[in-house]
Amino acid sequence: MSDGPVATIIREKLTAALSPQRLEIEDDSWRHAGHHHEGGMDAQPGGESHFNLVIVSSAFEGVSRVLRQRRINDLLRAELAGPVHALSIKALTPAEAVHSV
């Protein structure tokens, strides 16, 4: 779990919009330090540029995996346009989460 300012914003936005039963946000930026990205930029200094996200919400019931990803990307549009370079998303319904353990 991550407690930085970007992770906090992500948590707040996803919690408000999707009321998740489970939300895990992992800052994975340390693995990408020194990597060059589009525009020649390195990973965000101090992290918070690459995240792994696991979200379990009943809001995903009857929604395809592609639409779940799109919904999360839309909710985090400002972060993805700014400090967040990469976001790995695992979006599950509560029933899917039980079976994926």
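Bear in mind these aren't lab numbers, they're just calculated from the coordinates by the rules spelled out. Model, not experiment: these values are computed from the prediction. Methodologically, a virtual Cβ is constructed for each residue, glycine included, from the backbone with ideal geometry; neighbour enumeration extends over all protein chains shown.
How about region 60-79: which of its residues are surrounded by 17 or more Cβ atoms within 10 Å (Cβ to Cβ) and aliphatic (A, V, I, L, M)? Correct list: Ile72, Leu76. What is the one condition in (1) surrounded by 19 or more Cβ atoms within 10 Å (Cβ to Cβ); (2) more than 12 Å from the chain's Cα centre (by Cα) that Ile55 does not satisfy? Looking at each condition in turn, Ile55 falls short on (2).
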